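*Asks:* Please see the structure below; I have some questions.
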Amino acid sequence: MKAFKFNLASVQLLRRQREQAALEEYARALAGQSRARESLRHSEHSLADCQNRRRQAVARGCPAAELAQWTVLAQWLEQARQLHARKLAETRRHTERKLHEMLAARQALETVNQIEARRFGEYRKAAALEEQKFLDELALRVACASPSAHPSHRPSAL
């Protein structure tokens, strides 16, 4: 019997490559989400630090000009925090899309793998049947070729 050949091997290869690419894209999206989360933490820390210094300046009776500078800085840091929060939300949505793409690519590959497994099972079954047929024919030839198989060589019953 011929060796097993999967006629969808090229499709399987393309799907395996697509799954790998989707996995890499998902990993990059996760890394981007992590960077966005870190940027947000940094901006929140900077804003909290600014607000603490502003309170300390008020507590020690700072001049109005200094208080105004702290207020402007706090507003600017709040805007930066909001921007980082929006970017984090955007990267989360992007990461979620990449996850779905990766899962779809994995499922597409798995479908082809299941077809291959089914066809290989069919091939093995056919090969086993062919082998059994060959063995049966061989056994029949051996039985026919042996002297005891001919009627003229049978002992007569008296």
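*Asks:* Checking the condition open to solvent by 90 Å² or more (accessible area, probe 1.4 Å), assigned to a helix (DSSP H, G or I), out of contact with any Cys (no Cβ under 9 Å at 6 or more places or on another chain) and within 25 Å of R93 (Cβ to Cβ), which residue from R53, R28, R16 passes?
*Replies:* Numbers: R53 fails: within 25 Å of R93 (Cβ to Cβ); R16 fails: within 25 Å of R93 (Cβ to Cβ).
Unique residue meeting the criteria: R28.
*Asks:* Tell me yes or no: at least one residue of segment 64-86 is under 27 Å from the mean Cα position of the chain (by Cα) and hydroxyl-bearing (S, T, Y).
*Replies:* Going residue by residue through segment 64-86, those that are under 27 Å from the mean Cα position of the chain (by Cα) are none.
No, there is no match, as no residue in segment 64-86 is under 27 Å from the mean Cα position of the chain (by Cα) and hydroxyl-bearing (S, T, Y).
*Asks:* Return yes or no: is R81 open to solvent by less than 80 Å² (accessible area, probe 1.4 Å), more than 30 Å from Q114 (Cβ to Cβ) and either of a type in the set (D, E, K, R) or in contact (Cβ under 8 Å) with a residue 60 or more places away in the chain (or both)?
*Replies:* Here the answer is yes, as R81 does meet what is asked.
*Asks:* Kindly evaluate V142 against the criterion of being open to solvent by 90 Å² or more (accessible area, probe 1.4 Å) and β-branched (V, I, T).
*Replies:* Details: open to solvent by 90 Å² or more (accessible area, probe 1.4 Å): yes; β-branched (V, I, T): yes.
Judged against the criteria, V142 is a match.
*Asks:* May I ask you to say which residue of A145, A117 is at pLDDT below 95 and at negative phi?
*Replies:* Values: A117 fails: at pLDDT below 95.
Criteria check complete, one pass: A145.
*Asks:* Restricting to segment 87-103, give me the number of residues that are under 27 Å from A9 (Cβ atoms) and touching a residue at least 12 places away in the same chain (Cβ under 8 Å).
*Replies:* 2
*Asks:* Tell me yes or no: at least one residue of segment 21-31 is more than 30 Å from Q114 (Cβ to Cβ) and of a type outside the set (K, R).
*Replies:* yes
*Asks:* Considering only segment 31-50, state which residues are open to solvent by less than 30 Å² (accessible area, probe 1.4 Å) and of a type outside the set (S, T, N, Q).
*Replies:* G32, A36, L40, L47, C50 - these are the residues of segment 31-50 that are open to solvent by less than 30 Å² (accessible area, probe 1.4 Å) and of a type outside the set (S, T, N, Q).
*Asks:* Answer yes or no: is there a residue in segment 39-46 that is of a type in the set (S, T, Y) and in contact (Cβ under 8 Å) with a residue 40 or more places away in the chain. Before you say what the answer is, go through the steps one by one.
*Replies:* Start the filter on segment 39-46 by keeping residues that are of a type in the set (S, T, Y), which leaves 39, 43, 46.
Within this subset, residues satisfying the condition of being in contact (Cβ under 8 Å) with a residue 40 or more places away in the chain are 39, 43.
Checking segment 39-46: at least one residue is of a type in the set (S, T, Y) and in contact (Cβ under 8 Å) with a residue 40 or more places away in the chain.
*Asks:* Tell me which residues, restricted to segment 31-50, are under 19 Å from T91 (Cβ atoms) and hydrophobic (A, V, I, L, M, F, W, C).
*Replies:* A31, A36, L40
The values are calculated or read from the model by the stated rules, or taken from the named source; none is laboratory data. From a predicted model like this one, the values you see are computed outputs, not experimental measurements. FYI the Cβ positions are ideal-geometry reconstructions off the backbone, even for glycines, and counts take in every protein chain you see. Just the protein is used for accessible areas: all its heavy atoms, side chains included, with ligands, DNA and RNA removed. Shrake-Rupley method; radii C 1.70, N 1.55, O 1.52, S 1.80 Å.
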